[in-house]
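Every number here is computed from the coordinates shown, using simple stated rules; none is lab data. Values in this document were obtained by computation on a predicted structure and should not be read as measured data. Backbone-built Cβ (ideal geometry, glycine too); neighbour counts: all protein chains shown.
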């Protein structure tokens, strides 16, 4: 049967401190209540944890600790998380997945394994995240080789049904003239497989602004997964022929690598044929 202990200090190795309790007398599942002048802590002993000590989250007995560690399970505020570390298992805060509350509660932060959500007033909303931000200009010029402008890593088995994400890229493009040899083609690929090909109307371009906005919803997952996609590209003004796009449902194998890449390819290698991306980023909406 587990034993319960009490203390008035977390550390220090002195009488009344939790870390002064000899590890030889501790068993897996033992509990400890620590009451200090500012906070009440509840700990459970894990006899094979071996985690690095990080007060108040993980505390090791001073004597005969072995792999035994006191693990914090609850506390009254305030708490200041420790600094992050690079080693696995040392995140300052890590939420354990579980079902969302049946009735949302104001101020609740929840993680169900697929979504991180926060409740404001009485409405639970999933937290938006942005990643894969371009911080240096990438230029493709004087080459007919297909070249990557931007990449957004997306690992295999990292999505759930209903995940929504948006992609944006923009920059400047110029070409040698309105002939077919001066045509630019942009492609969006998932896991190296082309899903969208954008071929704007061929015309003379001199320092013209361009941008791509895309959004997608993962409808199903698995080897036969599907993703609804909407992509629009605009070059220069909104005059006829300056916009191209695609709307549809693409087959996406979510069990394989799903890195999203934007590539550019000129019809011919000319010094005047040049395209640059200034900004690129992915937004994970849920």
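Before moving on, here are some points about what is shown:
- Residue 247 versus residue 64: modelled label distance in nm, points set 7 Å from Cα along the beta carbon direction: 7.3 nm
- Label zone at residue 93, where the point sits 7 Å out along the Cα-to-Cβ direction: the stretch 113-129 residues whose backbone N lies under 12 Å: 117-118
- Modelled FRET efficiency - R0 25 Å, residue 232 with residue 130, Cβ distances, 0.05 increments: 0.80
- Remark: spin-label model distance residue 2-residue 204 equals 7.9 nm, labels positioned 7 Å along the Cα→Cβ axis.
- Of all the options 136, 87, 269, the one that moves most in a Gaussian network model of the chain with Cα springs shorter than 10 angstrom is 87.
- Checking [x] -0.34, -0.53, -0.81, -0.96; [y] -0.46, -0.65, -0.86, -1.01; [z] -0.26, -0.44, -0.81, -1.11 against the coordinates, the calculated log10 I(q)/I(0) by the Debye sum over Cα atoms at q = 0.07, 0.09, 0.12, 0.14 Å⁻¹ falls under label [y].
- For the chain, built as a Gaussian network whose Cα springs stay under 10 Å, the top-fluctuating residue of 253, 48, 128: 48
- Each residue, residue 55 and residue 20, gets one label point 7 Å from its Cα in the Cβ direction; the gap between the two is 1.3 nm.
- From most to least packed by mean Cβ count within 10 Å, the peptides 95-101, 201-207 give 201-207, 95-101.
- Sequence-separation-based contact order of the stretch 189-262, relative, with Cα cut under 8 Å and 6+ spacing, percent: 38 percent
- Label zone at residue 116, where the point sits 7 Å out along the Cα-to-Cβ direction: the stretch 127-166 residues whose backbone N lies under 14 Å: 127-132
- Span from the the stretch 36-51 Cα centroid across to the the stretch 75-107 one, whole angstrom: 15 Å
- Gained length - residue 194 relative to residue 269, 0.36 nm times residue gap less alpha-carbon distance: 24.8 nm
- Length gained when the stretch residue 109-residue 145 is fully extended (0.36 nm per residue, less Cα-Cα span): 8.2 nm
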